[in-house]
Amino acid sequence: MPLFSPRSSAPLPSFYSSSKTLKPSKPFLTTRTPLPILVFSLLCLFIGLTGTLFAISAIRRHQPLPVFRCGKSEDTFRAFYSSSDPRKLGDDHNQGLVDRPKLLGFVGIQTGFDSDDRRAALRTTWFPSDPDGLLRLEQATGLGFRFVIGKSKDVKKMAKLEKEIEKYRDFMLIDIEEEYYKLPYKTLAFFKEAFKLFEADYYVKADDDIYLRPDRLATLLAKERSHSMTYIGCMKKGPVITDPKLKWFEKSGHLIGNEYFLHAYGPIYVLSAEVVASIAAARNNSLRMFNNEDVTIGSWMLAMNVHHEDNRAICDPRCTPTSIAVWDIPKCSGLCNPARRLKDLHKIGMCSKSPTLPPDDR
């Protein structure tokens, strides 16, 4: 028997019949959405919009500025520009901030928690008072400038410093207790951290109570030198003070003798990159520490067999056509009454407006 028989008695489906009209057995569903589903949808939409608005507000909310950090040292200036306009401090291809920017010289202005009046005076004289001005000075001279300060256990002092950092962005913070008797240790920490943060040909230690001509300092550092290991400063010798009642008392004087070896005055001196590289590589306890910071540095220079370059233009007691740094030598170790004297000197045309030294001047 064939699988399909034309005489099959099975009735045809109703939709094959032309004599009948299709009638739905149930009424069609209406297009109206049930109330529970509508409420649930609106609730989901509300939650989604709320989450989106929260995300947008979180992104636009003021975020803490990133900090250029090396260990526990911080460069607040580069941190500021890393968040505002990275291209300003980038390389020639505008690829943003580099880890260790190349400079002719890095100048660390050593300061303390009680020296806010000096910093204020400096910012109204030769030291720029805003980040853009500091950047322009760096671009014009090839020199980077920062105030260098340690830390304090005094909460009020730290809070006050934070406000100043927020306003000016011109600090290099180092992880050491800020105490006068720890100045040799602070100086060591400064050179180590400056070497890690900046690739400079020279590193300059300067105090916050001198009047400096950055343009002339740049000219001095740009000169050709036959010695790669160089120590530039106003060189001096002098008697070793062994009386504990006197300011310059040296407790290790018995190791030195009656007279100090040749070394630079402390308010400002310069070390070449190779010298600082050797200091940076030294273990913390391997270097002799004397009471006086300039003597301490001088002893290291003797051990490293560096070339001593004596330059009196960086310890001039008055402004001259060739002066680079002015301070009241030998009356004070810096300017006497610096907050006032800095402003007075800046008003003198010979200090602030005389021409930059030609490259061949000495």
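Observations, loosely collected:
- With 0.36 nm allotted per residue and the present C-alpha distance subtracted, the Ser252-Lys72 stretch has 61.7 nm of extension available.
- Taking all protein chains as shown and a probe of 1.4 angstrom, Arg288 keeps an accessible surface of around 130 Å².
- Asp243/Arg100 FRET efficiency (R0 35 Å; Cβ-Cβ; nearest 0.05): 0.20
- For Asp344, solvent-accessible area (1.4 Å; no DNA, RNA or ligand), Å²: 60
- Between Leu35 and Glu199, the simple spin-label model (points 7 angstrom out along Cα→Cβ) gives 7.4 nm.
- Here the simple spin-label model places points 7 Å from the Cα toward Cβ, and for Asp117 and Leu302 these points are separated by 3.8 nm.
- Candidates per GluC sites (Glu not before Pro) in the stretch 178-259, loop by DSSP, up to 12 other Cβ within 10 Å: Glu179, Glu224
- Cross-link check: pairs Lys167/Lys353; Lys157/Lys182; Lys153/Lys186; Lys102/Lys192 evaluated at a Cα-Cα cut-off of 20 Å; pairs beyond the cut-off: Lys167/Lys353.
- Note on the stretch 297-362 and the stretch 152-231: Cα centroid distance 17 Å, given to the nearest whole angstrom.
The values are calculated or read from the model by the stated rules, or taken from the named source; none is laboratory data. Small disclaimer: the values here were computed from a predicted structure and weren't measured. Cβ sites come from the backbone with ideal geometry, for glycine too, and all protein chains shown count toward neighbours. All accessible areas refer to the heavy atoms of the entire protein, side chains included, with ligands and DNA or RNA removed. Shrake-Rupley method; radii C 1.70, N 1.55, O 1.52, S 1.80 Å.
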